[in-house]
Structures are given as C-alpha cells and as structure tokens.
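For reference, the structure is listed below as structure tokens.
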Amino acid sequence: MQGKTILLIVGGGIAAYKSLELVRELRRAGARVTPVLTEGGARFVTPLSLGALAEAKVRTSLWDLEDEASMGHIALSRSADLVVVCPATADLMARAAAGMADDLAATLLLATDTPVLMVPAMNVRMWLHAATQRNVAMLRDDGVTVMSPDEGEMACGEFGPGRLPQVPAIVGAIVAALAPKSHQLAGKHALVTAGPTHEPLDPVRYLGNRSSGKQGFAIAAALAAEGARVTLVAGPVGLATPAGVTRVDVVTALDMAAAVEAALPADVAVMVAAVADWRADVAATKRKKVAGETPAPIHLVENPDILHGLAHGRRRPQLVVGFAAETGDLIAAATAKRLRKGADWIVANDVSEGIFGADATDVHLVTADGAEHWGAMAKADVAARLVARIIDAL
Ligand code: CTP
C-alpha cells in the first residue's frame, strides 16, 4: 500500500465513525488518503477529525470554487489508485448505480476511471430491500467491487446483514484491489460469445430467449483483466462493455457465426451465447392477424452450430470452451455434449432452478478428465475461476 493514493468517500451512516479508524490504518500502511465527506457523512464525523487523521484537506462540495480552480472533480476522481466508499449507504449506492451526479461523491464516482470498492453499511431491511439488491447487482455488473456487509446486531437494535465489515477485512479488500494484475494472458487473443440471438419472423417480430449475457460479459471482463486481447461477440443485450474489451454487436445466429469467423485466429474461445437453434423464413411484410383465422405456420430452418463449427474448423483455437444449460442428468448430458460438439471443456449450468438474468449460478466443469462440481457461486466468481483454469491450460 506504500505510496498509493486512496480517494476515500465517507457516506452518511452511523458507521461513518469507523472510517476514521480505517484512515488511521491506511496511513499507518503508508497510503495517502484524499478524503471526501458527503453532506450526510458530515453529520456523523467532522471534517476536522477526518482531515486531521488523513493529514489532508477534506472535500465536501461540488461547488467549492477554490477547489475547482486548483483541482477539478475530474482530476480529483482520477488522481487516486483506488476509490473507496466507506460506509456506502443505500442512498449513495442507488445514486451511483443510476449514474447520478448530484453531489461531489456521486460526481466523482461517475467521472472516475479508477477501480472502485464499496463497503456497505445500513439497516438490515434496507440492505435486504429489492431496490438495494438490484442496485448492488447493477454496480457489480458495472465492475464495482461491493463488499458484503457483516451480520450481527445493528445500532438500531435489529439483527441481520448490514453491519460495516471489520476494519481489517476492509484493509484486506483494499490490498486485494490494489494488487497488480498478473497479466498472464498478455499476447493471447480470447474470443467470447454472449447473450441471446434474435431471429426475425417479420419486420417487427423475432424468436428469442431469456439469456441475459451477464456470464459471458463477466468472462470477457476477467480475460481482459488478465491482459488478453478480447473480442466479445454479443447478441442483443443492454450491458455495458467491460473495460479493455472489443465488442462486436450482432443480432442473429448467422451474424454471430460470421463475426466469430471474422475474429479468428484466437488462442481460446469461450462460447457462452444462447444461440437460437432455428431461424425462420422471414416475411418481407408484417404478418397480419385476421380475426378467427389460423395464422400461417412459421417454417423453421436449423441454424449452424457455431461451437461445433469452430471446434472442427481449420483455425480451431487451442482451447475451446462451451456452455450447457441442463436439467435432469446434467453430467451425462454435458459429457455427451462435450464430445458431440468437439469442445475441450463444457461449463454445465443446472438451470432447473432458473438462472437466467440471475447473478448466481450452480456449475460443473466437464473436461476429458471428468466432472468437477464448482457449486453455487456468483457469475463473476465462475468467470474468475474459469479464467484461472484457462491460464493454466494455455
Ligand atoms: N452453440 C453454438 N451455436 C449454436 C448452438 C449452441 O455455438 N447454434 C453453443 C453455445 O454457445 C454453448 C453450447 O453450444 O456453448 C451449448 O449449446 P446448447 O444450446 O446447450 O446445445 P444444444 O445441443 O443445442 O442443446 P440441447 O441439449 O438443448 O440440444
């Protein structure tokens, strides 16, 4: 941590006083701390105590002309090695997830291009509320590291998750966030497909599926974080492009097959997309409804299997990974699929519980050596673990 600069945003919660202890630990470890206090935060700790411990000027307002002249909020947001929000309140996380810029803290979070670590603390009901959980999931999707709060008795007398994690745990998360990435995939080209495909039926309708693209985007992000050059061929999803990833947007399976072909050669391909098995004969004009009449049948044509084509092609990547969504005898089905498609590995998801759009999943990795149960985990963790295996294999 020696010599690193941490921009510390202190939000307005009862746990704000613990940020003072955090500042002391960070200073002790040799970090510089640039403190930012929200209006709410200033009700729990004073700028004087925060500034004294940080040995730095505390910023509070977006409208401080003197600061804007010497160091604007854009420069402030980027001058740090890491942005830490502690405590991250429900309100501040909601504003950050929505991309608002209505105070200095939110503006810094929107303007920064450095990694962000949020340390939530709030009442248990607020933490468990669907809105907060949605905001946390959105922030994680956007690449923010959000720690899980501790469980226990709260200042308000209730019991459950929502307490600020212990200061040593926060320091540990900061050390991990500052650790240089190993860049073990530097010089490698990784190809990832993600999301659904949409197969048009007529100018306004399509056949689609409920794939969210989250798993494929998480894998593309994890590969890029290890220094790989990543081409992400994405079906129609509304997700942000992960940092350092080249994205090619496609709509149909035929478009996706062409984009995959155009992206070759690659060292590794991870085919996460839920490609539609069939496409329809597209009607040139909108199919009209005629009351009481049976609609004309939709004639379906099989789409090319992109994974199969890649695995059996002339320019086969060294490592080809497929995904399978299975119910019932998952291992047997994934084992057979691995052989049939010619993939080296299949990541098999148990979809009997319904994982589409969720942030967590239950997976098995099926290789030539058999199946490993990885268990229930966040999609980001599946990505991290898979990328660690890819590094070993390459
Ligand atoms: N896949 C592909 N091109 C297709 C269909 C699937 O590249 N036209 C890839 C997916 O990206 C995934 C893997 O193949 O990596 C598994 O797809 P899945 O649809 O489960 O395979 P199917 O054999 O079509 O599945 P099912 O068991 O339902 O027949």
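If I go through segment 192-210 residue by residue, how many of them are over 17 Å from LEU386 (Cβ atoms) and in contact with a strand residue (DSSP E or B) (Cβ under 6 Å, 6 or more places away or on another chain)?
So the count comes out to 10.
Would you tally the residues in segment 317-336 being open to solvent by less than 30 Å² (accessible area, probe 1.4 Å) and more than 8 Å from the ligand (Cβ to nearest atom)?
The number of residues fulfilling the criteria is 5.
Give just the number: which of (1) within 30 Å of ALA253 (Cβ to Cβ); (2) in contact with a Phe, Trp or Tyr (Cβ under 6 Å, 6 or more places away or on another chain) does GLU153 not satisfy?
Going through (1) within 30 Å of ALA253 (Cβ to Cβ); (2) in contact with a Phe, Trp or Tyr (Cβ under 6 Å, 6 or more places away or on another chain) one by one, GLU153 breaks only (1).
Given the options GLY375, GLY370, name the one that is more than 16 Å from the ligand (Cβ to nearest atom), out of contact with any His (no Cβ under 8 Å at 6 or more places or on another chain) and under 30 Å from VAL146 (Cβ atoms).
Answer to the selection: GLY375.
Hey, does segment 302-316 have a residue that's modelled with pLDDT of 95 or more, open to solvent by 20 Å² or more (accessible area, probe 1.4 Å), over 30 Å from ASP392 (Cα atoms) and in contact with a helix residue (DSSP H, G or I) (Cβ under 7 Å, 6 or more places away or on another chain)?
yes
For the structure I just gave you, tell me whether PRO304 is touching a Pro at 6+ places or on another chain (Cβ under 9 Å) and within 16 Å of the ligand (Cβ to nearest atom).
Answer is no for this residue.
Only one residue in GLY41, GLY30, GLY51 is touching a residue at least 12 places away in the same chain (Cβ under 8 Å), in contact with a Gly (Cβ under 7 Å, 6 or more places away or on another chain) and over 20 Å from LEU109 (Cα atoms), so which one is that?
GLY30
May I ask you to say which residue of LEU310, LEU386, LEU339, LEU365 is in the same structural domain as LEU223 (by TED's automatic domain parsing) and near the ligand (Cβ under 9 Å from one of its atoms)?
After applying the criteria, what remains is LEU310.
Residue-by-condition table, conditions (1) modelled with pLDDT of 95 or more; (2) in the same structural domain as VAL382 (by TED's automatic domain parsing); (3) open to solvent by less than 30 Å² (accessible area, probe 1.4 Å):
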{"site": "ALA222", "(1), (2), (3)": "no, yes, yes"}
{"site": "VAL233", "(1), (2), (3)": "yes, yes, yes"}
{"site": "LEU264", "(1), (2), (3)": "yes, yes, yes"}
{"site": "ALA276", "(1), (2), (3)": "yes, yes, yes"}
{"site": "ARG279", "(1), (2), (3)": "yes, yes, no"}
{"site": "THR285", "(1), (2), (3)": "no, yes, no"}
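Going through segment 125-168 one residue at a time, which ones are open to solvent by less than 70 Å² (accessible area, probe 1.4 Å), free of Cβ contacts under 8 Å to residues at least 24 places away in the same chain and in contact with a Gly (Cβ under 9 Å, 6 or more places away or on another chain)?
ASP150, GLY152
Restricting the search to segment 353-370, which residues are loosely packed, with under 14 Cβ neighbours inside 10 Å and modelled with pLDDT under 65?
The answer is GLY354, GLY357.
Which of the residues that make up segment 220-257 are closer than 14 Å to THR193 by Cβ, of a type in the set (Ser, Thr, Tyr) and out of contact with any Gly (no Cβ under 9 Å at 6 or more places or on another chain)?
Within segment 220-257, the first condition is being closer than 14 Å to THR193 by Cβ, and the residues that meet it are 220, 223, 230-237, 239, 245-257.
Remaining after also requiring of a type in the set (Ser, Thr, Tyr): 231, 246, 252.
Scanning segment 220-257 gives THR231, THR246.
Considering only segment 169-202, how many residues are more than 30 Å from PRO236 (Cα to Cα) and touching a residue at least 12 places away in the same chain (Cβ under 8 Å)?
11
The values are calculated or read from the model by the stated rules, or taken from the named source; none is laboratory data. Bear in mind that the values here come from a model prediction, so they are computed numbers and not experimental data. When we count neighbours, we look across all protein chains shown, and the Cβ atoms used for this are built from the backbone with ideal geometry, even at glycine. With ligands, DNA and RNA removed, areas are computed over all heavy atoms of the protein, side chains included. Shrake-Rupley method; radii C 1.70, N 1.55, O 1.52, S 1.80 Å.
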